[in-house]
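I have placed the structure first, in the form of structure tokens, so that the comments after it can refer back to it.
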Amino acid sequence: MSSDIADNLARVKARVADAAMRSGRSADAAQLLVVSKTWPAERLADVVAAGHLAFGENRVQEGEEKIPQLPGHLQWHLIGHLQRNKTRKALPLFQTIHSIDSLKLARYTSNVAGELGLIPQIYLQVDLAAEESKNGYDPDQIRSDLDDLLALENVSILGLMCIPPMAASPEDARPWFVKLRELRDELEHRAGQLLPGLSMGMSGDFEVAIEEGSTIVRVGSAIFGSRSSHF
Ligand SMILES: *Cc1c(COP(=O)(O)O)cnc(C)c1O
């Protein structure tokens with residue numbers, strides 16, 4: 001069992017590096033975030049044993065249970081929606097938050113981080129498809145909030161994140177990845193500062209995302225297997 005996970009991890013890492021080099025970037029241009037939601041700490045231990053450090057969880061409560069069971073030097077990223085009332089619990093656990101989707105939440109996160117003496121790294125989660133059911137920041141709203149976002153003192157804005165609409169093939173996701181990159185380029189130009197991070201790409205489409213400039217891919221089932229299979 002554990003060697004399966006180690007094999008999967010090695011295979012995904014090789015694919016991440018190949019996709020980066022294929023698109024003229026360095027082999028380490030895109031970081032791999034191993035998405036461990038729903039899997040117990042013992043399963044993650046196999047990935048840690050293989051030398052991997054960065055994990056993504058989508059629920060604060062699951063992080064509260066799991067993170068203390070694993071070595072303290074790991075890096076934890078919150079990739080799911082952050083509820084305001086969970087912020088104070090989330091910040092000491094997660095160094096990076098991929099799901100900031102309003103100025104109000106960004107400001108609150110910065111204020112709480114200031115009280116706790118922390119400076120979390122954040123991505124702005126963009127709702128590119130304007131889907132009512134999805135969480136995410138409207139691109140026009142980001143444009144108008146940009147100065148206020150960049151003025152927040154206790155968050156470090158790395159860039160943008162997206163979850164494209166469900167697609168039948170990886171190629172169907174490509175236009176969304178292009179849109180996210182173009183929005184990032186535009187915001188950098190407006191702000192006169194770099195927003196280098198693009199959190200995009202999951203098990204089904206991470207190679208396409210890397211070809212379009214992803215700097216961090218969030219991969220779960222390609223490493224652990226299907227989440228539905230262990231229920
Ligand atoms: C679950 C999840 C992933 C990983 O999905 P896989 O298809 O299992 O790789 C990535 N990003 C977010 C936001 C998720 O919730």
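Computed from the coordinates by the stated procedures, all read-outs in this text should not be read as laboratory data. Given the structure is predicted, the values throughout are model-derived calculations rather than measurements. Don't worry about glycine lacking a Cβ; one is built from the backbone with ideal geometry, like all the others, and counts go over all protein chains shown.
Points to keep in mind about this one:
- The simple Förster model, with R0 at 22 Å and r as the Cβ-Cβ distance, assigns D7 and Q75 a FRET efficiency of 0.45.
- Distance violations [Cα-Cα > 19 Å] among K134/K179; K37/K104; K86/K179; K66/K89: K37/K104; K86/K179
- Taken as Cα centroids, the range 155-231 and the range 83-153 sit 17 Å apart, rounded to the nearest whole angstrom.
- For the chain, calculated [θ]222 nm from helices alone, where every DSSP H run of n ≥ 4 adds -39500 (n - 2.57): -13500 deg cm²/dmol
- Using C-alpha pairs under 8 Å with a sequence gap of at least 6, the mean separation divided by the residue count of the chain gives a relative contact order of 20 percent.
- Label-point separation, A151 to K134 (7 Å along Cα→Cβ), nm: 3.0 nm
- The range 51-140: GluC sites (Glu not before Pro) in DSSP loop, at most 16 other beta carbons within 10 Å: E131, E132
- Using a Gaussian network model of the chain in which every pair of alpha carbons under 10 angstrom is joined by a spring, one finds that among A168, A30, A20 the greatest mean-square fluctuation is at A168.
- Local electrostatic count, E211, Cβ distance below 13 Å [Lys/Arg +1, Asp/Glu -1]: 0
- Between Y108 and R227, the FRET efficiency estimated from the beta carbon spacing at R0 = 35 angstrom works out to 0.70.
- Ordering G197, L74, Q141 by the projection of their Cα atoms onto the charge dipole of the chain, which places +1 on the Cβ of Lys and Arg and -1 on the Cβ of Asp and Glu, puts L74 at the extreme positive end.
- What the Cβ-Cβ distance of H189 and I119 gives, at R0 = 30 Å and to the nearest 0.05, is a FRET efficiency of 0.75.
- Local net charge near S226, Cβ-Cβ under 14 Å (Lys/Arg +1, Asp/Glu -1): +2
- Antiparallel content of DSSP bridges confined to the chain, in %, to 5: 0 percent
- For the chain, the spread of Cα positions along each principal axis, largest first, Å: 49, 40, 33
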